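Encoded as structure tokens, the structure appears first; notes follow it.
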Amino acid sequence: MADIDGDAVRRRLEAERERVAELIAGLRGEGLDRTEADQVGELSHYDQHPADQGSETFEREKDLSILERLETELAEIEAALERLDQGTYGIDEVTGEPIDPARLEAYPIARTNVDTER
């Protein structure tokens, strides 16, 4: 971690954590934690045109997929902050070699170098 400014990395990761957490809260605030029928306000799906129901189902699944991706990203940010605390940030988890600073600049939650095989 010799070439890494830990304070700058921490500020960047914490800002990203806050941004992602706000996006997650926003999606959850739109009702993704409720059932689909509750979310669309229908008592029964019988009075809704099948195409409308299909569109709403598609949108809900898309939003749930985005939510899942954001939650994964938040977990990766938390893991990067933990590595920073432990002094292992910027070290390839497979090879033990330093991660290219340009990669960390572009992708601050990187666990490995680009060319590391898993």
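Taking the condition of a type in the set (S, T, N, Q) and modelled with pLDDT of 95 or more, does GLN39 pass?
Values: of a type in the set (S, T, N, Q): yes; modelled with pLDDT of 95 or more: no.
Against the criterion (of a type in the set (S, T, N, Q) and modelled with pLDDT of 95 or more), GLN39 does not qualify.
Out of the residues in the stretch 47-58 that are surrounded by 12 or more Cβ atoms within 10 Å (Cβ to Cβ) and assigned to a helix (DSSP H, G or I), state the one that is modelled with the lowest pLDDT.
Looking only at the stretch 47-58, we keep the residues that are surrounded by 12 or more Cβ atoms within 10 Å (Cβ to Cβ), and these are 48, 52-53, 56-57.
Narrowing further to those that are assigned to a helix (DSSP H, G or I): 52-53, 56-57.
On the way: ASP52: 63, GLN53: 69, GLU56: 76, THR57: 76.
Among those residues, the one meeting the criterion is ASP52.
Return the residues of the stretch 90-112 that are buried (at least 17 other Cβ atoms within 10 Å of the Cβ) and part of a loop (DSSP other than H, G, I, E, B); say none if nothing qualifies.
GLY90, ASP92, ILE99, PRO108, ILE109, ALA110, ARG111
The conditions are (1) out of contact with any Asp or Glu (no Cβ under 6 Å at 6 or more places or on another chain); (2) surrounded by 13 or more Cβ atoms within 10 Å (Cβ to Cβ); (3) in contact (Cβ under 8 Å) with a residue 40 or more places away in the chain, and GLY87 fails exactly one of them. Which is it?
Going through (1) out of contact with any Asp or Glu (no Cβ under 6 Å at 6 or more places or on another chain); (2) surrounded by 13 or more Cβ atoms within 10 Å (Cβ to Cβ); (3) in contact (Cβ under 8 Å) with a residue 40 or more places away in the chain one by one, GLY87 breaks only (2).
Out of all the residues in the stretch 79-118, which are among the β-branched types (Val, Ile, Thr) and more than 20 Å from the chain's Cα centre (by Cα)? Give the steps one after another, and end with the answer.
Step one: list which residues in the stretch 79-118 are among the β-branched types (Val, Ile, Thr), which gives 88, 91, 94-95, 99, 109, 112, 114, 116.
Those that are among the β-branched types (Val, Ile, Thr) and more than 20 Å from the chain's Cα centre (by Cα): THR88, ILE91, VAL94, THR95, ILE99, THR116.
The values are calculated or read from the model by the stated rules, or taken from the named source; none is laboratory data. Keep in mind the model is a prediction, meaning the values are calculated, not measured. So basically every Cβ, Gly included, is an ideal-geometry build from the backbone, and we count neighbours across all protein chains shown.
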